[in-house]
Amino acid sequence: MSSKLVALIIGAGSNVGDSVAQTLLKQNYKVAVGSRNPKRDNPGLYPFTVIADIGPPNVVIFNASTLVPADGEDPLSLPLSGFNRGATVTESFYIAAQEALASFRSPVHKQSPKAFIVTGNLLAFVPAAAATVARFGLGLQKVSAAYLTELFHNVYGKEGIRFHYAHLVSAEGGMALADFRTSGPAHAKAYARLINAPGPEVWDYRFTKDGEKYVAK
């Protein structure tokens, strides 16, 4: 019998997206990917690129983001075009969540795990201090994603639908930007745990570079 498990990865680059896709393929998922650079990021690795080929997803990974840096001391140096690029990511997140909800409610997924996971970072939670001014456009995307994820988690959790803002942190619980470029396996391990957990996890899910859940000491 063909597997009913279907995952859609939006923003499927060669780090997080690729690692998550490979992990889900091993768990008998059909995987569809979306990437700005498909030939570079996933050159023929996955047999499906549109949901029409494989049916509605029960797992959606939103891994998309954009970074147009402002001057380190001047947030208003960010051009409107750059600001709007970030706003487009937030709009895409909202549309993806809407479409995911419809898919999760499909009768074919009555018994399937249902999860929407957004790749986040700590910019959604740190003060808007000078240290983050250069990345404030990215921070706005993450703040919006975190706010919406918490809302959706609280509203749709009673249907068994999970929304998670999942992000890598250091062993001390701080920013881990230096580790992000090689963190694909850690993201894959953490995301698989969220998807397959017997009970719901917290919406703000933090994990370390070994893929294990972060526990404050």
Give 158/213; 158/209; 114/217; 158/217 a once-over and call out the pairs whose C-alpha atoms are over 29 Å from each other.
-> 158/209; 114/217; 158/217
Mind telling me which of 201, 91, 172 comes out most flexible in a GNM of the chain, alpha-carbon contacts under 10 Å?
-> 172
Between beta-carbons, use under 13 Å as the cut-off and find the net charge around residue 113, counting Lys and Arg +1, Asp and Glu -1.
-> +3
Charge sum, other residues only, whose C-beta stays under 12 Å from residue 201's C-beta, Lys/Arg counted +1 and Asp/Glu -1 = +3
Packing-wise, with mean Cβ within 10 Å as the measure, how do 101-108, 26-33, 70-77 rank, highest first?
-> 26-33, 101-108, 70-77
Quick one: Debye curve from the C-alpha atoms of the stretch 69-198, no solvent, what's log10 I(q)/I(0) at q = 0.09 Å⁻¹?
-> -0.31
Quick one: which of 155-162, 210-217 comes out on top by average Cβ neighbours within 10 Å, and what's the full order, highest first?
-> 155-162, 210-217
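Based on the Kirkwood radius over alpha-carbon pairs, what is the Stokes-Einstein translational diffusion coefficient of the stretch 56-127 at 10 °C with 1.306 mPa s viscosity, in µm²/s? Present the calculation step by step, with values, prior to reporting the outcome.
Details: Rh = 14.4 Å.
In µm²/s, the coefficient rounds to 110.
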The percentage of the accessible area of the chain (probe 1.4 Å, all protein chains present) made up of carbon and sulfur atoms, to the nearest whole number, is 58 percent
Leaving out ligands and nucleic acids, note down the accessible area per residue over the chain with a 1.4 angstrom probe, in whole Å².
-> 51 Å²
How big is the Rg/Rh ratio for the chain, C-alpha atoms only, Rh by Kirkwood, two decimals?
-> 0.96
Projected onto the charge dipole of the chain (unit charges on the beta-carbon of Lys, Arg, Asp and Glu, signs +1, +1, -1, -1), the Cα from 198, 67, 133 with the largest positive-side position is that of 198
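The values are calculated or read from the model by the stated rules, or taken from the named source; none is laboratory data. It should be emphasised that the depicted structure is a prediction, and the values quoted were computed from it without experimental measurement. Positions of Cβ are generated from backbone atoms using ideal geometry, with glycine treated the same way; all protein chains shown enter the neighbour counts. Quick note on the areas: whole protein, heavy atoms, side chains included, nothing else; ligands and nucleic acids left out. Shrake-Rupley method; radii C 1.70, N 1.55, O 1.52, S 1.80 Å.
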